[in-house]
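Here, each number is a calculation from the coordinates, and none is a lab measurement. Source: prediction; values computed, not measured. All Cβ positions, glycine included, derive from the backbone under ideal geometry; neighbour counts span all protein chains shown.
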Amino acid sequence: MRKAEVTRKTRETEINATIDLDGTGKADISTGIGFLDHMLDQLARHGLLDLTLAAKGDLHIDFHHTTEDTGIAIGEAVSKALGDRRGIQRWGEALIPMDETLTRVALDASNRPYLVWKVQFTKPKLGTMDTELFKEWFQAFAQGAGVTLHVENLYGENNHHIVESCYKGLARALRQAVAIAVAPFGLIQQGVGLSQVKADYRLIRIISPNPRTDGTIRQNSLSVERLVNHSLPVQRHQQSAPNLDILKERSVGWVLQVKINDFITRQPGRIKI
């Protein structure tokens, strides 16, 4: 499962963050800064991340430490959940219109942190939050997550729309970048086998050089369509139906997509998802 938890404690802040990269967009955010809570909720919702964040900081001084440290904590949680990053799409991009505003975000989850920030505001504050702190958040996130991140507001007038389009763009670009990479014609990226992702992904379609089209599974020629929340009958062929060990050995070039909660299990005569 691509989940992680990060706890960060300094003299200024105490933060706990959890993330599920394969979530549904659920968020439980509490930073003490209303506008930042709103932006992080957008990040989770549009990135399909399940995100919880509880932060206590020195807000009686200003919002700087809490803003920056939440960016670090969420970024570190993303990096931890990605593990060695093998097999991910890696790049993501988004062009986000929001009324009169248009913002472009591009991301490379390469573990090389860098931020290009081309965003200008015409007001010093949004609500009670200093607009200069948004760059600090994105910088902290890029550093913690290990991503190269370009954020460019192409045009816009409303400051709320400008910054919200930045967070929504990050959400969509990140969603693309952390997805499992599938090459054209449904072949999984070379070097990424079932043994590495078997616990997290449902088999949507398995393609071998001689696929069948009748919905049955054979040991030497596999073709599985629509394995979604139900079992598929297995046609007996020589030995028993393929088990996970066989799939591990022959997984290169097969497709694995879509998160599941449980392990792929096998029953006599059936493969159950």
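Assorted remarks:
- Here's how it looks for residue 154: its modeled amide H is under 5 Å from those of 102, 103, 104, which are all 5 or more places away or on a different chain.
- Region 3-177 - Debye-derived log10 I(q)/I(0), Cα point model, q = 0.13, 0.15, 0.17, 0.19 Å⁻¹: -0.57, -0.77, -1.01, -1.28
- Derived scalar couplings ³J(HN,Hα) [region 145-154; Karplus, 6.51 cos²θ - 1.76 cosθ + 1.60; whole Hz; x for Gly, Pro]: 7, x, 10, 8, 10, 10, 10, 9, 7, 6
- Where labels lie 7 Å past Cα in the beta-carbon direction, separation of residue 7 and residue 89 in nm: 3.4
- Near residue 179, the amide H atoms lying under 5 Å from its own belong to 89, 90; only residues 5 or more places off or on other chains count, and H is placed 1.01 Å from N.
- In Hz, Karplus ³J(HN,Hα) per residue of region 90-101 (6.51, -1.76, 1.60; θ = phi - 60°; x = Gly, Pro): 6, 9, x, 8, 8, 10, 10, x, 9, 6, 7, 9
- For the residue pairs 26/123; 26/168; 3/135, the C-alpha atoms sit more than 19 angstrom apart in 26/123; 3/135.
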